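To start, the structure under review is shown below, and the notes come after it.
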Amino acid sequence: MSKSEYLTDHEAFDHLWKQAGEGKRLVAAAVESGTALYFDSSDICTFRYHAFLRSLLSERGETAFAALVLRPAPEAYFYHHFGKYPAFIFLPEHSDQDFVASLNSDPGGSLADAFDANSEQYVVFPLNGEWVIYADRKQELAAMAGPGDVLEFTRRRYPFVVFEENPGFAIRD
């Protein structure tokens, strides 16, 4: 399989954008209630992060997930310059290598605007929206919200450091 490609379909992106907004609200509520888990926002572009996501999806009977940049502005900045959206849908056939290659792929004449290089804020979530990871690179943190068994799975299986107490994370618009 080859890497996933940046989305070009407006309807597909709009649907993911709405899901991302719902996910962001879910994370905000989890942060406020003290149920969110936290980790480093830079973990995303690693084979181990993708392997963790794949194992979580498998555990939940899910198959695909989305990764989407919230800031810089997907339409006003990214689509305006590149004619595509800073979002990917990853399927079971995408390998760890495909995942990392996608996040580092040039959107069109500007490698500095690849997802991993230019994602001030991003979200990752399964297509059913049951759980979500919201990250803010300026804070160098990501927060995860979802059902208790998803969070327990993450505590046990996340390949990097997990913080259960809020290390100062706040959702900023």
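The values are calculated or read from the model by the stated rules, or taken from the named source; none is laboratory data. Owing to the predicted nature of the structure, the values given are computational and were not obtained by experimental measurement. Every residue, glycine as well, gets a Cβ built from its backbone with ideal geometry; the counts of neighbours run over all protein chains shown.
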All conditions in (1) of a type in the set (D, E, K, R); (2) assigned to a loop (DSSP other than H, G, I, E, B); (3) surrounded by 14 or more Cβ atoms within 10 Å (Cβ to Cβ) are true of Asp43 except (2)
Quick check on my filter: what residues within segment 108-139 are of a type in the set (Ser, Thr, Tyr) and in a loop (DSSP other than H, G, I, E, B)? Ser110, Ser119
Just to be sure I understand the filter: pairs with C-beta atoms under 6 Å, separated by 6 or more residues or on different chains, first member in segment 38-51 and closer than 18 Å to Ser4 by Cβ, second member surrounded by 20 or more Cβ atoms within 10 Å (Cβ to Cβ). Which pairs pass? Cys45/Leu103; His50/Phe99
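Residue under question is Ser58, and the condition is that it be among the hydroxyl-bearing types (Ser, Thr, Tyr) and surrounded by 14 or more Cβ atoms within 10 Å (Cβ to Cβ); does it hold? Show your work before the answer.
Working: among the hydroxyl-bearing types (Ser, Thr, Tyr): yes; surrounded by 14 or more Cβ atoms within 10 Å (Cβ to Cβ): no.
Against the criterion (among the hydroxyl-bearing types (Ser, Thr, Tyr) and surrounded by 14 or more Cβ atoms within 10 Å (Cβ to Cβ)), Ser58 does not qualify.
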Give me the pairs: first residue in segment 76-97 and in contact (Cβ under 8 Å) with a residue 24 or more places away in the chain, second residue basic (Lys, Arg) and surrounded by 16 or more Cβ atoms within 10 Å (Cβ to Cβ), beta-carbon distance under 8 Å, and six or more apart or on different chains, which are they? Phe78/Lys84; Pro92/Arg54; His94/Lys3
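Quick check on Val100: is it farther than 23 Å from Gly61 by Cβ, modelled with pLDDT of 95 or more, surrounded by fewer than 17 Cβ atoms within 10 Å (Cβ to Cβ) and aliphatic (A, V, I, L, M)? Write out each step before concluding.
Details: farther than 23 Å from Gly61 by Cβ: yes; modelled with pLDDT of 95 or more: yes; surrounded by fewer than 17 Cβ atoms within 10 Å (Cβ to Cβ): no; aliphatic (A, V, I, L, M): yes.
Here the answer is no, as Val100 does not meet what is asked.
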Name the residues in segment 60-114 that are within 17 Å of Gln19 (Cα to Cα), touching a Pro at 6+ places or on another chain (Cβ under 9 Å) and aromatic (Phe, Trp, Tyr), would you? Phe65, Tyr85
